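The values are calculated or read from the model by the stated rules, or taken from the named source; none is laboratory data. These figures come from a predicted structure and were not determined experimentally. Methodologically, a virtual Cβ is constructed for each residue, glycine included, from the backbone with ideal geometry; neighbour enumeration extends over all protein chains shown.
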Amino acid sequence: MKFFLSVTRFIDTLNEITGRAVSWLTLLMVVLVTADVLLRYLFHVSFVAVQELEWHLFAVVFLLGGGYTLKHNGHVRVDVVYQRLGRRTRAWINILGCVFLLFPGCYLMIKTSIPFVESSFSLNETSPDPGGLPARWLLKLMIPAAFMLMGLQGVALFVQSIMEAAGLAGKKSEDEQTGEKP
């Protein structure tokens, strides 16, 4: 039991650190977009690399933020129904959701994206636009990395939900999971 709890804490910490780092990328993206707009409209200057960096940062924020969002119970679900259910019923929904949706989905995304990344890396793929960014494979590498983080967070959710369904988790663990204060 202690082993599973320590693994869960490690995964939670990993996704918390990743999520906080990604939040700084969001700030960088806002500054970059603002500077790009100012340069474009005030000085009539535009750089392809800057525009590509904007959407690359957006992709990284979106992809790597998934595990963090799952950790903080922020993914879309039918909350009108889910929140009215009991703690153990919600735990069983989480267990079934992990087994039948989250784990298979993450596996398929990782399995199908790795050849995509390998191909991009072997070709040393760069932007097709003149003045664009090099090493496009780095951006594509974020796809399997993101789904690995999401899958790991799913493992943590699965373990926590098993404990909740078995009646081994107390009120404190639910509050930590939902981010609510007791």
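For residue 101, which of the numbered conditions (1) in a helix (DSSP H, G or I); (2) touching a helix residue (DSSP H, G or I) at 6+ places or on another chain (Cβ under 9 Å); (3) surrounded by fewer than 12 Cβ atoms within 10 Å (Cβ to Cβ) fails to hold?
Residue 101 satisfies all of (1) in a helix (DSSP H, G or I); (2) touching a helix residue (DSSP H, G or I) at 6+ places or on another chain (Cβ under 9 Å); (3) surrounded by fewer than 12 Cβ atoms within 10 Å (Cβ to Cβ) except (2).
Under 7 Å by Cβ, and 6 or more places apart or on different chains, what pairs join a residue from segment 154-165 that is modelled with pLDDT of 95 or more with one that is outside any helix (DSSP H, G or I) and small (Gly, Ala, Ser)?
Listed pairs, sorted by first residue: 160/169; 163/169.
Pull out all pairs, ordered by first then second residue, where Cβ-Cβ is under 7 Å, the residues are six or more apart or on different chains, the first lies in segment 79-97 and is within 16 Å of residue 160 (Cβ to Cβ) and polar (S, T, N, Q), and the second is at pLDDT 90 or above and part of a helix (DSSP H, G or I).
Close Cβ pairs satisfying both conditions: 94/157; 94/161.
How do the pairs read when you match residues in segment 132-146 that are touching a residue at least 60 places away in the same chain (Cβ under 8 Å) and buried (at least 18 other Cβ atoms within 10 Å of the Cβ) with residues anywhere that are among the hydrophobic types (A, V, I, L, M, F, W, C) and not in a helix (DSSP H, G or I), using Cβ under 9 Å and keeping only pairs 6 or more apart or on different chains?
139/133
Would you call residue 121 closer than 23 Å to residue 66 by Cα, without any contact (Cβ under 8 Å) to a residue 60 or more places away in the chain and not aliphatic (A, V, I, L, M)?
Values: closer than 23 Å to residue 66 by Cα: no; without any contact (Cβ under 8 Å) to a residue 60 or more places away in the chain: yes; not aliphatic (A, V, I, L, M): yes.
Against the criterion (closer than 23 Å to residue 66 by Cα, without any contact (Cβ under 8 Å) to a residue 60 or more places away in the chain and not aliphatic (A, V, I, L, M)), residue 121 does not qualify.
Report the residue count in segment 29-48 for those that are in a helix (DSSP H, G or I), loosely packed, with under 14 Cβ neighbours inside 10 Å and in contact with a Leu (Cβ under 9 Å, 6 or more places away or on another chain). Let's see the steps before the verdict.
First pass over segment 29-48, keeping only residues in a helix (DSSP H, G or I): 29-43, 48.
From what is left, the residues that are loosely packed, with under 14 Cβ neighbours inside 10 Å are 30-31, 34-35, 37-38, 41-43, 48.
Next, only the ones that are in contact with a Leu (Cβ under 9 Å, 6 or more places away or on another chain) stay: 48.
The number of residues fulfilling the criteria is 1.
Which pairs have Cβ atoms under 7 Å, sit 6 or more apart or on different chains, and link a residue in segment 56-78 that is in a loop (DSSP other than H, G, I, E, B) to one that is surrounded by fewer than 19 Cβ atoms within 10 Å (Cβ to Cβ)?
72/179; 73/178; 73/179; 75/69
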